[in-house]
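The values are calculated or read from the model by the stated rules, or taken from the named source; none is laboratory data. In this text, all values refer to a predicted model and were calculated from it rather than measured experimentally. When we count neighbours, we look across all protein chains shown, and the Cβ atoms used for this are built from the backbone with ideal geometry, even at glycine. Areas reflect the complete protein model, heavy atoms only, side chains present, ligands, DNA and RNA absent. Shrake-Rupley method; radii C 1.70, N 1.55, O 1.52, S 1.80 Å.
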Amino acid sequence: MKIERLSQDKIRIFLTFDDLSERGIQKEEMWQEIPKVYDLFTEMMDQAYSELGFDATGPLAVEVFALPAQGMVVIVTRGKYDHFGGLSEEDMPDEIYEMELTLDQSDTIVYVFQDFEVLIEASHMLKDLVGGAGKLYHYMDKWFLYFDPEELNSEKLPAVIAMLAEFGESSSVTEAMLEEYGKKVMPQQAVEVICTHFQRQQ
């Protein structure tokens, strides 16, 4: 389980398939078992508090994104206390989770690479599997390779994921976030463009 702070009142939690299976959620049934997120919630909030000092008391908006190729992303936004009769934060009861839950499912595949040379190596290995597809973004001094599964051969998808995992790290950053905050370096056919213009290190 990886937790990142997005802002003072918002965090993102990324759960891998191993994280999910340890908690009784199977990859094949992940979308149907999304309600089990409620069972995870206390654990996630305890970890968020210990790692980031994120206090989850009060109204929360919880967005759950199922990523069948990677795992699950949970975005938690802490709300205000206005509709609790004007009580201050200090006067609030200890355990109030007024959760507004939003569910979404995405098949997109995003992997992040710290080093461009590693991305070049990965692209040459991936070219035959993905037909040169993909988009490349630069965000927070890292390289993000994005795939829409509709561009990929479904039979080759497990091999694509295995290859990406060997060279990069699965990322919970959404395409919308990359579009808004990142720089789109290669808008299409990123793997083919990289292979055409950059040679693998010998």
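Counting only heavy atoms of the protein chains, get the accessible area per residue of segment 146-202 (1.4 Å probe) and round it to a whole Å² value.
64 Å²
Rolling a 1.4 angstrom probe over the protein chains, ignoring ligands and nucleic acids, what is the accessible area of SER154 in square angstrom, nearest 10?
90 Å²
Taking 0.36 nm per intervening residue step and subtracting the Cα-Cα distance, what contour gain separates THR108 from ASP39 on full extension?
The THR108-ASP39 span can extend by a further 22.3 nm.
Multiplying the sequence separation of HIS197 and HIS124 by 0.36 nm and subtracting their Cα-Cα distance, what value in nm do you get?
Working it through step by step, the gained length comes to 25.2 nm.
With r defined as the distance between the Cβ atoms of ARG5 and MET140 and R0 fixed at 22 Å, what FRET efficiency is calculated, to the nearest 0.05?
0.95
Taking a 30 Å limit on the Cα-Cα distance, which of the listed pairs LYS10/LYS142; LYS2/LYS183; LYS36/LYS127; LYS156/LYS184 fall beyond it?
As for pairs spanning more than 30 Å Cα to Cα, those are LYS36/LYS127.
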